[in-house]
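Comments concern the structure below.
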Amino acid sequence: MLFLVARWRKIRWAVWTCGLLAAAAAGAWLDAYHRPGPAPQLDTPDATPVILSGCVVAPSEVLEDHETFTLELEPGARARVNLYRREGQKPYAFRYGQNVEVEAKIRTPHNFNNPGSFDNAGYLARQNIFWIATAGAQASVTVKKGRCGSDFWTLVYGLRRRALRRIDALYAADPAAGQKPSAATEYNTGMMEAVLMGDSARLQKSWTEDYRTTGTFHVLVISGTHVALLAGLLIFLLRICFIPKTAAILATVPAAWLYAVVAGWQTPCIRSAAGITLYAIARIFYRRARILNVLAAVAIGFVLFDPSQLYDAGFQLSFLSVALIGAFVVPIMEVTTGPIARALPELYDLGRDPHLEPRIAQWRVELRLFAETLALLSRVSIKKCLLIVSLATRVVVFAADLVLISAVIQVGLAVPMAVLFHRVSATGLSANTVAVPLLGLVVPIGFVSLFTGSHSVAHCAAYFLDVSRRAVAF
């Protein structure tokens, strides 16, 4: 209030004093707001059999010999339940909003005492999970009548369940044809569920070890890249339907947030959706959205909401990688491949040259001369040669940009990766150059197969995923 009065009265010293005091007070309030309270307690020691009764707030992830789900005993007090089953027994596959009672042994989460190890207990506490429960195959399990939870999350988990079932159906073996589930079927199903929906329940460590070793594991986990690829696919489809560009970009905003919610409300997706939203707002007001400005705005927003994210490894790596692109890659591209890329549209139109920058016009002349030479040597029409030269140059420019991006990110993230994960990949540059473009094919094609239910499109996505696996293994 004093700050606003000082601004109105134009008292400079009071403006600065009150502004700093307001910022300090806001910081103290944020610290108090985000500071965790005392953890809830059970009046039973660890490894004691108890009967847990509550609401399923995270549906079952069905694994080979057990399933795991999250049970909310009271608001803000949750338990992660591992429910084992006998051989041949069908899983319960609990859905969000079911009232469940289960007999299990319960314990509090703990961390390993290795220096620099992951804070698993703190990670679970941020999700209000304060106990780990284990129920054997003989445990008593009762599903009570009635529903719990919110209608919104019931709808969200319903959409997610349908998407996962669609992936299962697209890659499942056909029992009517006498087919049995093969290793390839399990691989395609597990990997596509992880890549498209962020469900890693069926993901086996042996499938991902090569990706981890080469520093390309980020292409398999849900990240901002997936949201960007989905947004790009949607904009492309709307543009070929003659939707104006600004309207197409605005239409992608709710789609990006819907995907972020259905994919598990994971933080990288939320950051990417927020960035797309800011970009769309800039388009409305005819402003050019610069990468570093959008990045700074999203970072400030997330840090204001939860200052502890500054110490999160995912937050540091994701924002640092985009900052490297904005600070180094974009300026380098503007003076190297940028003029070539801007020279390629309508290469046959001589009237465009005088209205362009000299170096861009020079590239158009050089490319046109190359096409004319190719036409003389091959006796192919000049129009076809111009098209061939244009397409080939686009491929070369794309590959060069990809190598540049991968190199800058690999060098920029080498020290943080060594400090945080004790990994430095010597083959990250070459592996990312292959894996990232293939992901750019797998994700859009995979979503097309999800929406259309086409088995041929689904197997096309699986083919590119297999090519990625082979390339990374090589």
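Structure above, values below:
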| read-out | value |
| --- | --- |
| Exposed-site-free run, longest, the chain (rule: GluC sites (Glu not before Pro); DSSP loop; at most 10 other C-beta within 10 Å) | 88-474 |
| Solvent-accessible area, 1.4 Å probe, carbon plus sulfur percent, for the chain | 64 |
| Backbone HN-Hα couplings from phi across the range 291-297 [Karplus 6.51/-1.76/1.60, Hz, Gly and Pro as x] | 4, 5, 5, 4, 4, 5, 4 |
| Cα-centre dipole for the range 215-370 with unit charges at Cβ (Lys and Arg positive, Asp and Glu negative), debye to 20 | 320 |
| Residue list for the range 111-148, given a label point 7 angstrom along the Cα-to-Cβ vector of residue 86 and an amide N cut-off under 15 Å | 136-141 |
| Cα centroid separation - the range 238-275 against the range 303-327, whole Å | 21 |
| Using θ = phi - 60° and Karplus 6.51 cos²θ - 1.76 cosθ + 1.60, couplings along the range 378-387 (whole Hz; Gly, Pro as x) | 9, 6, 9, 4, 5, 5, 5, 5, 4, 5 |
| Non-local Lys pairs in the chain, i.e. 8 or more apart or on different chains, that have alpha carbons under 28 Å apart | 9 |
| Pair residue 2, residue 359: separation of 7 Å Cα→Cβ label points (nm) | 5.4 |
| In the range 180-287, the trypsin sites (Lys or Arg not before Pro) that fall in loop regions by DSSP, at most 16 other Cβ within 10 Å | 287 |
| Length-normalised contact order of the range 264-344 in % [C-alpha pairs under 8 Å, at least 6 apart] | 25 |
| Helix axis angle, 224-240 relative to the chain longest principal axis, alpha carbon, degrees | 50 |
| Accessible area expressed per residue, the chain, with surrounding protein chains retained (probe 1.4 Å, Å²) | 60 |
| Positive-end residue of 350, 233, 314, charge dipole of the chain with Cβ unit charges | 350 |
| Sparse-neighbour loop sites [trypsin sites (Lys or Arg not before Pro); the range 65-110; at most 14 other C-beta within 10 Å; DSSP] | 86 |
| Calculated volume of the Cα convex hull per residue in Å³ (choose from [x] 211; [y] 202; [z] 234), label | [z] |
| Per DSSP, loop trypsin sites (Lys or Arg not before Pro) in the range 1-49 with at most 13 further Cβ within 10 Å | 10 |
| Relative contact order of the range 58-162, pairs being alpha-carbon contacts under 8 Å that are 6 or more residues apart, as % | 31 |
| Relative contact order of the chain, defined on C-alpha pairs under 8 angstrom at six or more residues apart (%) | 12 |
| Dipole in debye (nearest 20) - the chain, about Cα centre, beta carbon charges: Lys, Arg +1; Asp, Glu -1 | 1320 |
| FRET efficiency estimate (nearest 0.05) - Cβ-Cβ, residue 292 to residue 237, R0 30 angstrom | 0.55 |
| For the range 201-225 versus the range 335-381, the gap between their alpha-carbon centres in whole angstrom | 41 |
| DSSP-defined antiparallel bridges as percent of all bridges, the range 10-134, nearest 5 | 85 |
| Orphan Cys of the chain, criterion: no other Cys C-beta under 4.7 Å | 18, 241, 269, 385, 460 |
| Rounded to 10°, Cα long-axis angle of helix 151-171 versus longest principal axis of the chain | 70 |
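The values are calculated or read from the model by the stated rules, or taken from the named source; none is laboratory data. Computed from a predicted structure; not experimentally measured. Counting neighbours? That spans all protein chains shown, and the Cβs are built from the backbone with ideal geometry, glycine included. These area figures cover heavy atoms from the full protein model, side chains too; ligands, DNA and RNA do not enter into them. Shrake-Rupley method; radii C 1.70, N 1.55, O 1.52, S 1.80 Å.
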